[in-house]
Structure formats: C-alpha cells, structure tokens
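Note sheet for the following structure.
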Amino acid sequence: MSDDKITLEIDGRFCTAAPGEMIIAVADREGIVIPRFCYHEKLSIAANCRMCLVEAEQGGRPFPKPIPACATPVGEGMKVLTRSKKALDAQRGTMEFLLINHPLDCPICDQGGECELQDVSMGYGEDVSRFSERKRVVKDEDLGPLIATEMTRCIHCTRCVRFGAEIAGLRELGATGRGEDMRIGTFVGQSMAHELSGNIIDLCPVGALTSKPYRFTARAWELTSDEGIAPHDGVGSNLQLHIRDGKVMRVHPRDNEAVNECWISDRDRFSYEGLNSPERLKAPMLKRDGDWQEVDWQEALHAAVDLLKAPGPDQLGVLVSPTATLEEQFLLQRLVRALGSDHIDTRLRQLDFSAAAADPQLPWLGVPIAELETQQTVLLIGSDIRQEQPLLAHRLRKAALSGATIALLNPYAVDLNHPSIQIAPSPSVPGSDLRALLRLLGKPTEGPAAEPDERHQRIADALTRAGQDGKGLVLLGTLAESAPAFGLVRALAAEVAAAAGCRLGFLAPAANSVGSWCAGSLPHRLPGGAAPARPGLDAGAMLTDPRQGYLLWGLEPDRDLADPTLAMSALRAAKQVVACTAFRSPALDTVADVLLPISAFAETAGTFVNTEARWQRFQGAVPPPGDARPGWKVLRVLGTMMELPGFAQNSAREVHDELASQCRDLTPDNQMREAMPAPDLSSATPQAAELFRIGNVPIYATDPLVRRAPALQRTPLAEQLAVSLHPDDAAALGLADGQLARVAQVAINGERTEVNAPVVIDDRIAVGCARIPAGVEGSGELGPIMGPVQISKAGA
Amino acid sequence: MSFRNTPLAVIHDVDKATLLTPELRAEIDKHVAKYPPEWKQSAVMPALTLVQDHNGGWLSRELMDQVAAYLDMPETAVYEVATFYAMYDLEPVGRHKVCVCNSVSCRLGGAEELMHHIEKKYNVAPGGTTADGKLTFKEFECLGACRHAPAVMVDKVYHECVTPEAIDKIIDDLD
C-alpha cells in the first residue's frame, strides 16, 4: 500500500484521504454528517440500508445515480455532495421505504428518544407517511436474559449479524428468508451465549434489540451520564454510567481505542444490577452477644478502632479485594503499617508465595493492550482468557485472524473462536511442558519434562520466529497464578520467553491488581514499589499462621480466598474481625465482629490501574445507599480516630496525588528479581486415587458485585458448582454425566471438607484433573482452589 | 473497515466421515474443488441441492447442520441460504414439484389463471401438497423464461407457454 494521500472535495470542503478509504469514513473524520444505519466503523461493509446515498462526480463526470458513501472508495479529485437536492431526495426516498414496515409507535418503544431511526427520520424523512397498507409483524425470539427483542422494529441493517461473525466469532444470528419474509434471528431459537453479546444492544440502530434488565425503566432524556471505569477484569474498560435519581440505570461503553475500543463485556455492562441487591449493607452493624444490631457510625467506628488496636502490631492481618480503589489500598497499607506490621495482601486467590523474593517490580501485561493484536505469537499459560479478560481475548482473536499463532497451556482446553494450539498438561507435574519447550528452544533445564510432540515444536518455532521480529509474548493468567507451583511455572515461563526472545507478561486478575504494586498494599512492597525492611505475611501465611485480628476489605471469605475452609476457620478463631463491605453475606455475618458499609462500583471516586499499568481516575457517580460511605473516607476517619499520621486528606484526589508523587519513578517491569529455588510440592502432588482440582473462577463469579447481578447469573455462562471430568477418569470412578459425586478435599490446615456436586463429562479436561469452580455457591465448603481432591459416587 | 474478504469458518466438533453419505460427500467435494480453500463455503448451494435431491426433495434441519459441518460453516449461514432461495424446501414435499412462475411477464401471460386452475382442480394451495402426495404446488420467483410466458418448472424440466390444458397433460404424465 502506498502512503500517497489523495484529495477530494466533500460539500465544498477539501479533504485528504488514504487511497481505498470510503467516503463515509473521510466525511466522519471531517465532521460532515452522512446518515447511516448499516455502516459501522468496526464492522465490514454491507451497504444494505442505502441511507448514506450521496451525489458524487469523479474526473468531471457525475455518477449516474446517487452512490452509497459507505461502500464507495474515494478517488483523486472526487467531488461529493451530501446535501444536494439529488442526495436529499435519495435519502428521503430510502427513509420512506425503511419506515414502510417499521411501527410508528415511538412512545411505546424502549429505544424512543435515543433511536437512530427516529433521529434520522426527523432529519431526513417526510413528516407524513403515504403508506396506508398493513405493516408486517415479526415474532420475537428469546435471546436470553440480557437482550430483549422486538423484531417487528428491525430494519435489517445486519449489524448484529456481522458483529457475531466478525467480532464475537459466534455466528448465531442470521438473516433468514427473503424480501418481505426476511427476518433476523437465530432461526432455531437459542439464546446468545457469548461474553460480549450485550454490544449488539448498542449496535442496533432501532428498538429491535434492547437491554432486558434496563428495558422500560427509564427514558433516555431522564438520564444523566457520568464517566466510569469497569471494576472487574484487568482491562479497565471505559464506561458511561447512565443515572437517574442517584441510581445507576444502565452502563454503556465509552470509546477508548487504546483500552476497550468501542466494546465492553457483558460483565462490565450488566454487573451494575448488583448495586441494588437486597444484600447491600446500608448501615454499620455491630455483633453483640452473637446478634447483629444496626448502630450509628460513631459507635461502629469506636468499636472498629478498639478491635483494630486490640491484636497488637504483629497480630493484625489485612486482606483486601483487588478491586478496591488505589486510594483505598494506599490508605489501608498506611493504616496497617502505622500500626506496626506489613501484613496486607490483595493476591487473594494465590496459593504459592514461595517465590515472592523473585517478584518483578511491577508485573503488567508486558505490552500495551492495543499491541496485543499485532503480536505474531502469544503463548498463554494458565488462562481461560475469554472468561478472565473478555476484551483481551477479543484482541487476541484479532491477532489470530491476521495470522498470529495463539498457543495455550491450560489444565483444560478452553473454548476459543479462532485457530489455536492447545495443550492440556496434567498439573500434577507442573512445568513439564514448559521444560519441553525450553528443550526445543535449546535451553534445557533440570526437572521432569514432557516428551515434546509436534504441537510443542510448532509453539517453539512460532515463538522463535516472533521473538526475532520482537512480536512474541508469553502471558501468565489467573489459572497459573492460582497454581500450587506458581513460582516454578512463572520462572519457567520467564525462561521460555527469554530463550525465544519474547516478552513476558501477566494478566491482571482484577481491576486493580496492578494498583496493589503501586499502592504498596502487598506485604513486600511499599507505596512506590520500595521493599519494606522485612516483608510482612502474605495472604496465604496470614491464614495458615492465624492472626488474632483481621481487617477484611470488600471481600467474601468463602468465595474470594484461595482456601475458603482454611480462611473461615482462621477467621472464626480470630478474636477481632472488622469487615468493610458493600454486601452482607452469611460468611461475613459468621466471622465478623463489626460490619462497616462501604461504597461499591460507581459510588466512590478513585483510580484503577489496569493490566497495562494505565492509571484511570473516576468520580463517584451515585451516592452509596443508606449510611454507606466511600471507602477512602471510612479509612480516613479510622486513621484519624486512631491518631495515626497521614490521614488528613480532604478528597480522593489528594490521596491519589500523594501516591502518584511517590510512584513517579515506578515503571512497569516484569524482570524477575532472582532465580527461583525449586519449591516443595509434596503436599500438592496428588496421591494414587486422587485427582487434581482445577478451581477456575467462572466469568460471573469473580467478585461480590457480579455475583449479585441477577441477569448475568441467569445466562448460560454462569457456572454452578459441578465436577467436570475427563471421560476416562469418569469411567474409572464409575460416574456418569449428571450423576451426583462426592467431592472430598483436605484444606491447608488439615481440615477435611466434603460436598456433593453433579458430574459433567468433558473431554477437554486433562486426564487426572477435576474442574471444580471456585467463587460459586457451595465452593466455599471446599479446600484450596487447586490441589488434590478425592471424588467418589455420592452416597456410596 | 473494508469489505470482508473471507467468510467466517467454523470447525465443528464432528468427524466428517460420519456426515451425509460417502457418495454425497464425493459429489460435494467436486464442487468444493472449484473454489479456493478459504472459500469452500461457496459450495453450499450445490451441496444443498445434492442433499435435497437425495432426501426426497426437502431439507431437514439435521441435514442442513450436516452440510454446515461438512463445509466448516456456521449453521445460521446455511439456514440463510436455504431460506432465501425458492428451490429449497424445508418441509416434506410430494413426489413432484410443480413450480409456476409468479413474476410480471408470466402473470401478464396468464400465470394467475393457471394457478387458480391448479388450486381448484387438484385441491392444493400454493406451498401445499396434494392429499395423494403426488405433487407439491409452488409459486416460484422469476424462472427467467419471460419470452414464452407463462413458464412452469416441473421437477427440473421447464415448460413454456403453458395453458391449463397443457398443465393437466403434464401432470397426468407424471407417475
């Protein structure tokens, strides 16, 4: 492609454009409005709505007919008229045809007031309809709990169909029939099971596809809009929050090409529903003689201060959700350090901290998010990427479709919508496949290695080739982070990356995981990244070596921690437990002595640092319910009441600025600090007759907010507690699909746990593994997120 | 964004050797060979025609799904083709199909009269099948035989300038 620019004239304005660009793209850039329905910047060109007809001439010769601006490439010296009589006539004619079968009952349509068809009709249509015949009626389809349909309103732009084929990689919607009988639908009536499906609500220019949870609850003109940042995965999608009467009514994406483009995941779009959960904690509560009583803030804070002071410096452990804002994490670490210890951690689902000394300075993605799509080879280790980071999966899909090799090493093969090389190694010999790759890359290491097969060879070759071009990436995901041999796997991954000349990257498990490394809310990092004189206890050690008192921030101990049984037993035995939370839960009620209501998503000002180490600030958009208060304010008051220094900030901005000044020299850095000693794996290796539990965290079970979003929980992607087994293992155990299995697991503290769960037979699971999700209802009864597990027939 | 150059391919989780019949697969392969590998979906129309002929003149959803799997296509894309074109039937049909052209020239040339005749004489509405299962009567989009309107396609044979008497004779000659 040459970089020659061509010049053309649109409505008398001279514009420059690249050869091959379409007229509509140039006009959009110049701010010249051309009406359209089917054209969308991110989708292929269909040119089927005919709304963008314009008049044009090329080389002094006019085109004989109006031409579609979306499908006509620009030419040197072209003259385009978008508002000439001929163009306007054509547009008016198209508009009249589009309205023939479209109901003219905007007042009862959910899209009314924000409808492209309505707007364009106002601007380009006639005010009276000449059509007096009957309009057609189309039967609706049930597309699941997120998307409402009213297919009579469909104008057949096919944006949703193209989105499915091109972006989602799941072509469920199609245009069946012809002419008058054409319909958009799945033809077979299934619901959309995709983590990005909600985007078709935004794409639909009319009221045919609308948001089911939001539907008919508000009108566009009643809403105010505030900017927000998504609180779930490491992407930190930019959001537009639509608010009425202090309530978030719905969430839309805000364009940011570098982060989320114009998409957001369903989790980011629909999790706001959790804000209205009946389990919201609206007033401070105090446990008196085993009974919970609502108290005022004054009393609750005094109680909390006493409880936090009682354990003494070394006996207080602080566990913080990695979705807490940067400001909250910064003040929390200041609090615990002012009290004299470093026992604070946000890596709640990590089991292996043995290699903490080797931790990089500021682990991040390794490349900017947007550069994921230009990688030639990406090796993902331990990541169910579509569940963990839906929009990064989308970037990788783009890379794969433009020819990149995407390889995965996971304990189970994951569903992908693009070509990939997947190896499902048995996690009982951690790192064996990475050692096989190292051998092929010419850097063999000690330890058991898998016998390299053709797939290993292809991965090694692809990594080497990409490494030479500087476009190779080795990524570690949350399944790797939860592995009992995380330190070893990480060290081997770093060696593979180094041997192939590729970069190493980490997928941040939560919205502000990277922020913890900046704010110092880790036992071995101070704000700005310096190391404390002596590291404190990590999230694992705080529980295996129980403390006398705990401060829990924004988490549910039975759902968010690596070993819920261990955690619950340590917390039950603790003398003082202060829980700051937006939600009540039975587990918190059992273990806590005081509950302080704090803000959830959209209710506080703050900052998230996303997986590419981008700091994104946001303001509180709605007030927290009842007496709940923004988290940073609660901490400020606690600090002041305890007469600790450094809690005098007047705004979240001041907290942010103070930390930002300390982080000025902190740059993202994935370099391992030291070579890693071989970890002791004896307890994590399954004995005979044991399987290895893989505790994946399903997409809608990651944090307290999304677990309380009812519509998401009704989708097919919301997993329940179940035991997925390879057919061979199931046969050996005599278990059939759907049968109830008894799952027995020994927690880290030796406590024996048992639950019943239905069996799912799935040949994508590695032999010797049992996939039993964590973070879901019932998983709190079990032991470590990954580790040996015994499975038998229930009742046998 | 630009024009899309290759269609979305979907690799289905089935063994292709279990799809359709070996003879059908061999026939479809002849059509697949006419297109570049990434465009093998282009063979969907001849594939559907072959499968339909083999299945007594109609396509079931299972058969369409098998074609989708065989050509690495999304099922929906096959449904789109099968519902768009009039020559595919998605319900069981009679032993013969009588397709009367309903486009302008044929209508001017007497197609409407012809259709009323068939409807009355054989007691079958357009789109329906006679009680004895002998014929399915279809109103068809333009058959492209305007010069000798009205045109009727019986199974795969064109008949032009058809009168009610002529159609009776044609139908009588069918088994």
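Straight-line reach from residue A:309: taking Cα to Cα under 17 Å and skipping same-chain neighbours fewer than 8 places apart, the aspartates and glutamates in range are A:299, A:342, A:593, A:643.
The 3J(HN,Hα) values that the Karplus relation (6.51, -1.76, 1.60; θ = phi - 60°) gives for segment A:567-584 are, in residue order, 5, 5, 6, 5, 6, 5, 6, 5, 7, 10, 10, 9, 10, 9, 8, 8, 10, 7 Hz. Gly and Pro appear as x.
Shown here for segment A:119-214: chymotrypsin sites (Phe, Trp or Tyr not before Pro) in loop regions (DSSP other than H, G, I, E, B) with at most 14 other Cβ atoms within 10 Å, namely A:131. Between residue A:279 and residue A:458, the contour length at 0.36 nm per residue exceeds the alpha carbon distance by 59.4 nm.
Per residue of peptide B:73-85, the mean number of Cβ atoms on other chains within 10 Å of the residue Cβ is 6.
Counting only other chain Cβ atoms within 10 Å of each residue's Cβ, the peptide A:155-162 averages 1. Near residue A:101, no amide H atom lies under 5 Å from its own; only residues 5 or more places off or on other chains count, and H is placed 1.01 Å from N. Bridge orientation summary for the protein assembly as shown: considering DSSP beta bridges with both residues in this region, about 60 percent are antiparallel. This ranking places A:8, A:561 by how few other beta-carbon atoms lie within 10 Å of each, fewest first, which gives A:8, A:561. Taking a ≥ b ≥ c as the square roots of the Cα gyration tensor eigenvalues, with a/c under 1.5 meaning rounded and otherwise prolate when a/b beats b/c, else oblate, which class fits segment B:3-84? Since a/c stays below 1.5, the shape of segment B:3-84 is classed as rounded.
Mind running the shape call on the protein assembly as shown? Use the C-alpha gyration tensor, a ≥ b ≥ c as the square roots of the eigenvalues: rounded below 1.5 for a/c, prolate if a/b tops b/c, oblate otherwise. Present the calculation step by step, with values, prior to reporting the outcome.
Values: a/c = 2.01, a/b = 1.67, b/c = 1.20.
Verdict is prolate for the protein assembly as shown.
If a spin label sat at a point 7 angstrom from the Cα of residue A:4 along the line to its beta carbon, the backbone N atoms of segment A:21-39 nearer than 19 Å would be those of A:21-23. Absence of a disulfide-compatible partner, taken as no other cysteine beta carbon within less than 4.7 angstrom, is noted in chain B for B:99, B:142, B:146, B:161.
Build a GNM of chain B with springs between Cα atoms under 10 Å apart, and of B:111, B:17, B:69 the one that fluctuates most is B:17. Note on chain B: GNM, Cα springs under 10 Å; of B:150, B:164, B:36, the largest mean-square fluctuation is that of B:36.
The helix-based estimate of mean residue ellipticity at 222 nm for chain A, built from -39,500 (n - 2.57) per DSSP H run of four or more residues and divided by its residue count, is -7000 deg cm²/dmol to the nearest 500. Arranged from fewest to most other beta-carbon atoms within 10 Å of their beta carbon, A:481, A:373 become A:373, A:481. In terms of other Cβ atoms within 10 Å, B:30, A:443, A:633 run from fewest to most in the order B:30, A:443, A:633.
Remark: the Cα gyration tensor places segment A:142-193 in the oblate category, a/c being 1.5 or greater and a/b not exceeding b/c. For segment A:143-153, the Karplus equation 6.51 cos²θ - 1.76 cosθ + 1.60, evaluated at θ = phi - 60°, returns couplings of 9, x, x, 9, 10, 8, 10, 9, 5, 4, 7 Hz by residue, with Gly and Pro reported as x.
Read the figures in this text as sums done on the coordinates, not as results from a lab. In this text, all values refer to a predicted model and were calculated from it rather than measured experimentally. Cβ: placed from backbone, ideal geometry, glycine included. Neighbour counts: every protein chain shown.
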